[in-house]
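These notes concern the structure reproduced below.
The values are calculated or read from the model by the stated rules, or taken from the named source; none is laboratory data. Computed from a predicted structure; not experimentally measured. For neighbour counting, all protein chains shown are included, and Cβ atoms are generated from backbone atoms with ideal geometry for every residue, glycine included.
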There are 2 protein chains.
Amino acid sequence: MTRPGRPVRVTQADVARAAGVSTAVVSYVINEGPRPIAAATRERVLRAMAETGYRPNGVARALVSGATRTLGLVVPELANQFFATLAHALETEASRHGLVLVLGDSGQSVDRESTLVETFVDRRVDGLIYVGVGAHDAIEIATSAGTPVVVLDRVADDDRAASVVIDNVQGAAVATRHLIEHGRRALGCLLGPETVPTARARHAGWQQAVHDAGGRVDPRLVEWAPFSKEGGYRAGLRMLRLASPPDGMFVASEDQALGLLCAAAELGVAVPGSLAVVSFDGTDSSRFSVPPLTTVAPRFTDIARRTIELLRSPDVPPRSETSTTDLVVRSSCGCP
Amino acid sequence: MTRPGRPVRVTQADVARAAGVSTAVVSYVINEGPRPIAAATRERVLRAMAETGYRPNGVARALVSGATRTLGLVVPELANQFFATLAHALETEASRHGLVLVLGDSGQSVDRESTLVETFVDRRVDGLIYVGVGAHDAIEIATSAGTPVVVLDRVADDDRAASVVIDNVQGAAVATRHLIEHGRRALGCLLGPETVPTARARHAGWQQAVHDAGGRVDPRLVEWAPFSKEGGYRAGLRMLRLASPPDGMFVASEDQALGLLCAAAELGVAVPGSLAVVSFDGTDSSRFSVPPLTTVAPRFTDIARRTIELLRSPDVPPRSETSTTDLVVRSSCGCP
DNA sequence: CTGAAAGCGCTTACAG
DNA sequence: CTGAAAGCGCTTACAG
């Protein structure tokens, strides 16, 4: 019996003693190999494990085997629904492979991000999934320790790490074309910070679609704002107060689109009547906004599948993959 | 030089050799103790560490020291803004103490939750923070391994674990009283699943406030629905289509409130004109909804502080604490 | 102030 | 099919 409050840590040696075998045998039955154990012996060991309440020490295991069946994920901000959705998809896919996913939220801080990566690497995760805040120290830390890395939603500037990115250019272009098909001509664009490659790619897609339609880009209708509800709200307020405001807008994230809707409501601008909106992210937030948002949805499951795949069988040199998007049509664009 | 692609793992022994000292000395300089090292020796070791690119192996460290400076957090669903906000607050507080927080998302699955808890415990987190989906196996697993646990947002049914809970009854009562002060009399209540204690507590608070005001509880105006946008949307649709719908509603979560706002907009019910709404959670989602939601906000920082405190100095028997809430007034209740 | 050595709890060749 | 032993990379009494 375990004395309550003062738990006794039972080890493999205790089990071995109780079963009258060596610790090697206990290890073999736990891991079902690498050597065969007689059925009777196996039974004795199993019973001894149950009786003693033995739980293998994962730390010791990791030390000798080098593997932990654990994946680490570092994201900039879990409160952002996009990252939460991504994390969820990765979690599901990881567990399908018998791996557990542990997450770290860097809170947009480069320092915390490094700490997180170091923690994961030092504790020997079998792979690291990295959605960085900008500095790419993480890749260096992980690869120099021999931990496989996959960079998500960003491309590594060099070819040190594998990556999976969303096709931002085409997603943004498709969204913008949809606005144009609705007859909108004064097209605005609300983006993330200009320093973020994702934002620049979405801008390029928007621009391309406008040009292809023979339209002209009005620089006053392009805003670079933080990827947040507040960012979208403030930028939205500015743009909607313009003498000639846009009649259609592509918004680079759902949080920003939600902020924009709030600004529009406050100013009495009808959506989609006076302003058609298409956003980007495809999370649950857009389904029940007022009005529900038409949005460019990444294929989260596809991204997760490729990521785990790249982690499990690393290529040399590292491979970079692109995942496509789908336009999810709801009512903010003017569709019925 | 490290050969690229085939990282050489440099160990303490390598550093010791390079510095011409024993591994004990290397350990002492890394940990700044427990024994003093001559400044000159220390310099030599530091230089050797830099030259070899040494990084301590956290696994080996954890095995011998038993500590990892790491806290584990298990939540039911990160996509829920409430848990994401909670996680963020805990992360901030943990890092203030030099601890890193790793999270696990159980995706509402009892199985995954157990796996997560086992992983954390097996890998020797210094403490476990647990927001359970229902089954309390986790507490058993952790305590029997000697890992301190703090249960959040739920009370452990027995006194095996410390806990920090929000004052749900009073939060709901304050919200409901606010609705009454706005002159609303046909008060509805949209709750989480009846099996969730938090939902029951918020119901009790609502009921108490209605009674105190001399009102009567109309059972048709009480809905128990999933804690999600969709849950709120569907329940909202049902309730607003009633022959005599509510003119004020307390909603037990922000996700549900967002769903309700969507339902109201769809049915052309003006908020707050025809329906005043007060919700619960105090996350960022409520700031920019249409209209912005009045909400009962937990003190996330307070909860985080108490949690880390309980983890760092466990009491016997475990202590249970209650954290108060604040009513954040915006416009969905009818305030200007 | 520093070195040689035991030991944390496992896994896995090496022998039998 | 099983046991005795080395070793994973550290920390920390034990000696000097």
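Looking at the stretch B:158-172, can you tell me whether even one residue there is of a type outside the set (S, T, N, Q) and facing another protein chain (nearest Cβ under 10 Å)?
We begin by selecting, within the stretch B:158-172, every residue of a type outside the set (S, T, N, Q); these are B:158-162, B:164-167, B:169, B:171-172.
Pick out the ones that are also facing another protein chain (nearest Cβ under 10 Å) and you get B:160.
Looking for residues that are of a type outside the set (S, T, N, Q) and facing another protein chain (nearest Cβ under 10 Å), one finds at least one in the stretch B:158-172, hence yes.
Taking A:ALA264 as the residue in question, decide whether it is buried (at least 18 other Cβ atoms within 10 Å of the Cβ) and aliphatic (A, V, I, L, M). Before the answer, list the steps.
Numbers: buried (at least 18 other Cβ atoms within 10 Å of the Cβ): yes; aliphatic (A, V, I, L, M): yes.
Answer is yes for this residue.
Quick one: in the stretch B:43-55, which of the residues that are within 13 Å of DNA strand C (Cβ to nearest atom) and out of contact with any Gly (no Cβ under 8 Å at 6 or more places or on another chain) is farthest from A:GLY66 (Cα to Cα)? Steps first, please.
Our first condition is that a residue be within 13 Å of DNA strand C (Cβ to nearest atom); within the stretch B:43-55, this holds for B:43-46, B:48.
Next, only the ones that are out of contact with any Gly (no Cβ under 8 Å at 6 or more places or on another chain) stay: B:43, B:45-46, B:48.
Details: B:GLU43: 31, B:VAL45: 26, B:LEU46: 26, B:ALA48: 25 Å.
Only one residue tops the list, namely B:GLU43.
Taking the conditions exactly as written (more than 16 Å from DNA strand C (Cβ to nearest atom) and more than 30 Å from B:ARG299 (Cα to Cα)), does B:GLU93 satisfy them or not?
Working: more than 16 Å from DNA strand C (Cβ to nearest atom): yes; more than 30 Å from B:ARG299 (Cα to Cα): no.
Spelling it out, it is not the case that B:GLU93 is more than 16 Å from DNA strand C (Cβ to nearest atom) and more than 30 Å from B:ARG299 (Cα to Cα).
Taking only pairs six or more apart or across chains, which ones have beta-carbon atoms under 9 Å, a first residue in the stretch A:162-186 that is among the acidic types (Asp, Glu), and a second residue that is part of a helix (DSSP H, G or I)?
As it stands, the answer is A:ASP167/A:ALA201; A:ASP167/A:GLY205, since those pairs meet every condition given.
Just need a number here: residues in the stretch B:183-212 that are in a helix (DSSP H, G or I), basic (Lys, Arg) and in contact with a Pro (Cβ under 9 Å, 6 or more places away or on another chain).
Within the stretch B:183-212, the first condition is being in a helix (DSSP H, G or I), and the residues that meet it are B:197-212.
Now narrow it down to the ones that are basic (Lys, Arg): B:200, B:202.
From what is left, the residues that are in contact with a Pro (Cβ under 9 Å, 6 or more places away or on another chain) are none.
Total meeting the criteria: 0.
Criterion first (of a type in the set (A, V, I, L, M), more than 16 Å from DNA strand C (Cβ to nearest atom) and out of contact with any helix residue (DSSP H, G or I) (no Cβ under 6 Å at 6 or more places or on another chain)) does A:ALA67 satisfy it? Full working, then the answer.
Numbers: of a type in the set (A, V, I, L, M): yes; more than 16 Å from DNA strand C (Cβ to nearest atom): no; out of contact with any helix residue (DSSP H, G or I) (no Cβ under 6 Å at 6 or more places or on another chain): yes.
The answer is no for A:ALA67.
Kindly indicate the residue of the stretch B:265-303 that is part of a helix (DSSP H, G or I) and within 18 Å of the chain's Cα centre (by Cα) and also nearest to B:VAL151 (Cα to Cα) among those meeting that condition. Walk me through it before giving the result.
Quick first cut of the stretch B:265-303, residues part of a helix (DSSP H, G or I) only: B:265-267, B:284-286, B:300-303.
Those still in the list that are within 18 Å of the chain's Cα centre (by Cα) too: B:284-286, B:300-303.
On the way: B:ASP284: 24, B:SER285: 25, B:SER286: 26, B:PHE300: 15, B:THR301: 16, B:ASP302: 15, B:ILE303: 11 Å.
Only one residue fits best here, namely B:ILE303.
Please go through the stretch A:46-85 and pick out each residue that is in contact with a strand residue (DSSP E or B) (Cβ under 7 Å, 6 or more places away or on another chain) and of a type outside the set (D, E, K, R).
A:THR70, A:LEU71, A:GLY72, A:LEU73, A:VAL74, A:VAL75, A:LEU78, A:PHE83
Within the stretch B:189-197, does at least one residue satisfy the condition of being among the hydroxyl-bearing types (Ser, Thr, Tyr) and in contact with a strand residue (DSSP E or B) (Cβ under 8 Å, 6 or more places away or on another chain)?
We begin by selecting, within the stretch B:189-197, every residue among the hydroxyl-bearing types (Ser, Thr, Tyr); these are B:195.
Imposing the further condition that a residue be in contact with a strand residue (DSSP E or B) (Cβ under 8 Å, 6 or more places away or on another chain) reduces the set to none.
Taking every residue of the stretch B:189-197 in turn, none turns out to be among the hydroxyl-bearing types (Ser, Thr, Tyr) and in contact with a strand residue (DSSP E or B) (Cβ under 8 Å, 6 or more places away or on another chain).
Could you tell me whether any residue of the stretch B:42-59 is among the aromatic types (Phe, Trp, Tyr), more than 8 Å from DNA strand D (Cβ to nearest atom) and either within 40 Å of the chain's Cα centre (by Cα) or in a helix (DSSP H, G or I) (or both)? Can you show your working first?
Going residue by residue through the stretch B:42-59, those that are among the aromatic types (Phe, Trp, Tyr) are B:54.
Adding the requirement that they be more than 8 Å from DNA strand D (Cβ to nearest atom) leaves none.
No.
Is at least one residue of the stretch A:18-30 under 19 Å from B:ARG124 (Cβ atoms) and not assigned by TED's automatic domain parsing to the domain that holds A:PRO148? Show your work before the answer.
Initial filter on the stretch A:18-30 (under 19 Å from B:ARG124 (Cβ atoms)): A:30.
Next, from what is left, pick out any that are not assigned by TED's automatic domain parsing to the domain that holds A:PRO148: A:30.
Checked the stretch A:18-30: at least one residue is under 19 Å from B:ARG124 (Cβ atoms) and not assigned by TED's automatic domain parsing to the domain that holds A:PRO148.
A quick yes/no check of all residues on (1) farther than 22 Å from A:LEU86 by Cα; (2) in the same structural domain as A:VAL222 (by TED's automatic domain parsing); (3) not hydroxyl-bearing (Ser, Thr, Tyr):
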| site | (1), (2), (3) |
| --- | --- |
| A:SER114 | no, no, no |
| A:PHE120 | no, no, yes |
| A:ILE129 | no, no, yes |
| A:ALA175 | no, yes, yes |
| A:HIS178 | yes, yes, yes |
| A:HIS182 | yes, yes, yes |
| A:ALA186 | yes, yes, yes |
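What residue, among those in the stretch B:122-138 that are in contact with a helix residue (DSSP H, G or I) (Cβ under 9 Å, 6 or more places away or on another chain) and free of Cβ contacts under 8 Å to residues at least 40 places away in the same chain, is farthest from the other protein chains (Cβ to nearest Cβ)?
This residue is B:ALA135.
Out of the residues in the stretch A:26-41 that are assigned to a loop (DSSP other than H, G, I, E, B) and of a type outside the set (Val, Ile, Thr), which is farthest from A:VAL64 (Cα to Cα)? Even if it seems obvious, please write down each step before you answer.
So the first thing to find is which residues in the stretch A:26-41 are assigned to a loop (DSSP other than H, G, I, E, B), and the list is A:32-38.
Checking the rest, the ones that are also of a type outside the set (Val, Ile, Thr) come to A:32-36, A:38.
On the way: A:GLU32: 17, A:GLY33: 15, A:PRO34: 15, A:ARG35: 17, A:PRO36: 20, A:ALA38: 25 Å.
Per the stated criteria, the residue is A:ALA38.
Would you mind stating whether B:SER332 is surrounded by 19 or more Cβ atoms within 10 Å (Cβ to Cβ), not hydrophobic (A, V, I, L, M, F, W, C) and not assigned by TED's automatic domain parsing to the domain that holds B:LEU101?
Details: surrounded by 19 or more Cβ atoms within 10 Å (Cβ to Cβ): yes; not hydrophobic (A, V, I, L, M, F, W, C): yes; not assigned by TED's automatic domain parsing to the domain that holds B:LEU101: yes.
It is true that B:SER332 is surrounded by 19 or more Cβ atoms within 10 Å (Cβ to Cβ), not hydrophobic (A, V, I, L, M, F, W, C) and not assigned by TED's automatic domain parsing to the domain that holds B:LEU101.
Of all residues in the stretch B:287-329, count the ones that are surrounded by fewer than 24 Cβ atoms within 10 Å (Cβ to Cβ) and of a type in the set (Ser, Thr, Tyr).
So the count comes out to 7.
Quick check on my filter: what residues within the stretch B:52-73 are farther than 20 Å from A:GLU140 by Cα and more than 7 Å from chain A (Cβ to nearest Cβ)?
B:ARG61, B:VAL64, B:SER65, B:GLY66, B:ALA67, B:THR68, B:ARG69, B:LEU71, B:GLY72, B:LEU73
Sort out which residues of the stretch A:9-25 are more than 11 Å from DNA strand C (Cβ to nearest atom) and in a helix (DSSP H, G or I), and write them in order of number.
Those that are more than 11 Å from DNA strand C (Cβ to nearest atom) and in a helix (DSSP H, G or I): A:ARG17, A:ALA18, A:ALA19.
Would you be able to tell me the number of residues in the stretch A:213-264 that are in a helix (DSSP H, G or I) and touching a residue at least 24 places away in the same chain (Cβ under 8 Å)?
Pass one, the stretch A:213-264, residues in a helix (DSSP H, G or I): A:219-221, A:229-240, A:254-264.
Now drop any that are not touching a residue at least 24 places away in the same chain (Cβ under 8 Å), which leaves A:221, A:229-237, A:239-240, A:254-264.
Counting residues in the stretch A:213-264 that are in a helix (DSSP H, G or I) and touching a residue at least 24 places away in the same chain (Cβ under 8 Å) gives 23.
Under 7 Å between Cβ atoms, at least 6 apart or on separate chains: pull out the pairs that start in the stretch B:7-36 with a residue that is within 14 Å of chain A (Cβ to nearest Cβ) and closer than 30 Å to A:ILE139 by Cβ and end on any residue that is within 10 Å of DNA strand C (Cβ to nearest atom) and in a helix (DSSP H, G or I).
Correct list of pairs: B:GLN12/B:THR23; B:GLN12/B:VAL26; B:GLN12/B:SER27.
More than 20 Å from B:ARG330 (Cα to Cα), buried (at least 16 other Cβ atoms within 10 Å of the Cβ) and in contact with a Phe, Trp or Tyr (Cβ under 8 Å, 6 or more places away or on another chain): is that true of B:GLU230 in this structure?
Numbers: more than 20 Å from B:ARG330 (Cα to Cα): yes; buried (at least 16 other Cβ atoms within 10 Å of the Cβ): yes; in contact with a Phe, Trp or Tyr (Cβ under 8 Å, 6 or more places away or on another chain): yes.
Spelling it out, B:GLU230 is indeed more than 20 Å from B:ARG330 (Cα to Cα), buried (at least 16 other Cβ atoms within 10 Å of the Cβ) and in contact with a Phe, Trp or Tyr (Cβ under 8 Å, 6 or more places away or on another chain).
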